1. Can Leu12 be described as more than 25 Å from Val424 (Cα to Cα) and not small (Gly, Ala, Ser)?
2. Considering only segment 284-317, state which residues are of a type in the set (S, T, N, Q) and in contact with a strand residue (DSSP E or B) (Cβ under 6 Å, 6 or more places away or on another chain).
3. Glu54 passes all but one of (1) among the acidic types (Asp, Glu); (2) without any contact (Cβ under 8 Å) to a residue 40 or more places away in the chain; (3) under 25 Å from Ser17 (Cβ atoms); which number fails?
4. Among the strands (runs of 3 or more DSSP E) contained in segment 284-351, which hold 3 or more residues that are within 26 Å of the chain's Cα centre (by Cα)?
5. Could you list all residues from segment 55-64 that are open to solvent by less than 70 Å² (accessible area, probe 1.4 Å) and closer than 24 Å to Lys439 by Cβ?
6. Among the candidates Leu109, Leu120, single out the residue that is open to solvent by less than 50 Å² (accessible area, probe 1.4 Å) and in contact with a helix residue (DSSP H, G or I) (Cβ under 6 Å, 6 or more places away or on another chain).
7. Considering each of Phe94, Phe89 in turn, give the residue that is more than 24 Å from the chain's Cα centre (by Cα), buried (at least 21 other Cβ atoms within 10 Å of the Cβ) and more than 27 Å from Met132 (Cβ to Cβ).
8. Val188 - would you say it is within 18 Å of the chain's Cα centre (by Cα) and at pLDDT 95 or above?
Amino acid sequence: PLSPAAVVGAGLGGSASAYFLQQHFGPQVQLDVYEAAGVGGRLATVTVNKQQYESRGASIHALSLHMQDFVKILGLKHRREVAGKSAIFSGEHFVLEETDWYLLNLFRLWWHYGISFLRLQMWVEEVMEKFMRIYKYQAHGYAFSSLEELLRSLGGEAFVNMTQRSVAESLLEVGVTQRFVDDVIAAVLRSSYGQSVLVPAFAGAMSLAGAQGSTWAVEGGNKLVCSGLLKLTKANVISARVTGISLHSSEGRALYQVHYESPEGQGSAFYDLVVVTTPLHPSRSNFTFDNFDPPIADLPGAFQPSVTSVVHGYLNSSYFGFPDPKLFPFTSILTTDTPELFFHAMDNICPVNVSAAFRRKQPQEAAVWRVLSPRPLDKPQLKTLFRSYYSVQVAEWPTYPRYDAAKALPPVVLHESLFYLSGVEWVASSMEMTAVAAKNVALLAYNRWHQQLDKIDQKDLMHKVKTEL
């Protein structure tokens, strides 16, 4: 029997891993979850005027089946949707505006971009349809020992290649025009990843699926999923920063010693199985691996710094070409890749608890805006976007992989029963991608522990799963 297991990190990856490990190994497995900062990781909230707002990780795609499951199991609710319109700003004018009338939107897109819009939709749908196979494979207990194998089982070599070539290249290939890529695709990727159309095609497809599908969020804040899953699994959450892992062996099995620093001082503990869900990049953590032979190498790749500013203030609508603030119709502004634009996107955000009586502020009133930018906004930049403001709360973090930096995907298996979760972000970074990876790691750990090798890296799974039914 397996006992005990450790999970490093209590963000969504860590809490989902703990939940799935318990689901597969059974309730008797003892789980320690190490977290230095706070449960929820990047799913954090900020408080403005006694109300909480999501500072990051705000929307979840309608097809996110694991996230939907978590919400159901935990008895959480979907946040009430508050309608709003988006537009894409070029620094001088709006290149695309959403209207109240859905058909008119389609007509506008059609008028501006012709068949590009349809081709984009077909491309995204084809990717998503193949991606959705993962749920069937996981329901049948199949796992993958590498990200490449997982992708291959869903969409063959084409999916693996989509992590190595840009979304622009893939879209131009299926007949989407350069203009549509520059105006629309660039704006969506800037708002979701803070990067250009050079992000890999797979990450791009996931982000574009979220932009055109219906999305939702958790009433009370998305981070409630993390604290909920940890409570449900009765995991022992240890407030400490893990500094390294060293390998020992006992009775022919690997035993891992996890070293940590807590407010009380330094400590360590032994585990049969460890899942690391924090990024193992020299720029992000000084994590050491001792006694491993061959040694565990540093993972390549860099991270994209990204800044979220939550500003409570009056929008300067005249900067966007609306001298009369009452007439400003948009609640979400995306931007094109223009050198003089100092922000990626901004949106008028609603609190995490949306009551039935909640109304959005009128455009001339003070509202809470979330501005995403590559660098902290200086005074003149804040003055450009806001006529005046009461407060600014800034969160700076290396959020997403710098997708142009990596050539190969990071490993999932670091050693016999030592697994790495965060590498999945190099395929695509979203809450659901993390949940899928957590389920995969738990199944992989379980199948390896019980020597069920016929459940790992199987070829032709579509066929196998059909015949198993």
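The values are calculated or read from the model by the stated rules, or taken from the named source; none is laboratory data. A quick note: this is a predicted structure, and the numbers were derived from the prediction, not measured. No Cβ is skipped: glycine too gets one built from the backbone with ideal geometry, and neighbour counts run over all protein chains shown. Remember, those area values only see protein heavy atoms, side chains included, never the ligands or the DNA or RNA. Shrake-Rupley method; radii C 1.70, N 1.55, O 1.52, S 1.80 Å.
1. Considered against the rule, which asks whether it is more than 25 Å from Val424 (Cα to Cα) and not small (Gly, Ala, Ser), Leu12 comes out as no.
2. Thr288, Asn291, Gln304, Ser306, Thr308, Ser309, Asn316, listed by residue number.
3. (2)
4. Fully inside segment 284-351 and qualifying: 303-315, 332-335, 345-348.
5. Hits for segment 55-64 are Arg56, Gly57, Ala58, Ile60, His61, Ala62, Ser64.
6. Testing whether each residue is open to solvent by less than 50 Å² (accessible area, probe 1.4 Å) and in contact with a helix residue (DSSP H, G or I) (Cβ under 6 Å, 6 or more places away or on another chain) leaves just Leu109.
7. Phe89
8. Criteria not met by Val188.
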